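The block underneath contains the structure these notes are about, expressed in structure tokens.
The values are calculated or read from the model by the stated rules, or taken from the named source; none is laboratory data. Note that the structure is predicted; figures quoted are calculated from it, not measured. Virtual Cβ from ideal backbone geometry, glycine too; neighbours counted across all protein chains shown.
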Amino acid sequence: MKKSRKKVFQRHKENHLALVNGVQELGLKMLVDEPYRLPMLNAVRVPDEIDELAARRRLRTEFKIEIGGGLGQLAGKVWRIGLMGTRQEQSTSPGCSRHSKKYEIEPGSISLIG
């Protein structure tokens, strides 16, 4: 049991780091400072010029990214991206090999280029 738990935690950490790298490549920022982040639950700041709901729907439907919006005071300001569960692998995480095409952030939307 201990060995499998270590593998799960390692997978969460690797997926988290890949997501953070992908987010930063897009010019976006994480909500939480690095020392306080949970690898399995990530909050990404949404730029003011982006239609958060429309972009989130597109990321979910077209790119199959499991993503939710912010809650309470963060509604419309962040995306919540969970990296948990047995079906979560690095190949399905945003910013990883499956998502190697570039996203383009434009006022009001997110586009896929390439």
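Counting the residues of the stretch 24-40 that are exposed (fewer than 12 other Cβ atoms within 10 Å of the Cβ) and part of a helix (DSSP H, G or I) gives 4. Scanning the stretch 2-53 for residues that are under 16 Å from Glu66 (Cα atoms) and among the polar types (S, T, N, Q) yields Asn15, Asn42. Taken as a whole, the condition of being part of a helix (DSSP H, G or I) and at pLDDT 90 or above applies to Leu53.
The number of residues in the stretch 56-107 that are modelled with pLDDT of 90 or more, part of a loop (DSSP other than H, G, I, E, B) and surrounded by 15 or more Cβ atoms within 10 Å (Cβ to Cβ) comes to 2.
Scanning the stretch 4-45 for residues that are among the hydroxyl-bearing types (Ser, Thr, Tyr) and more than 22 Å from Gly72 (Cα to Cα) yields one hit, Ser4.
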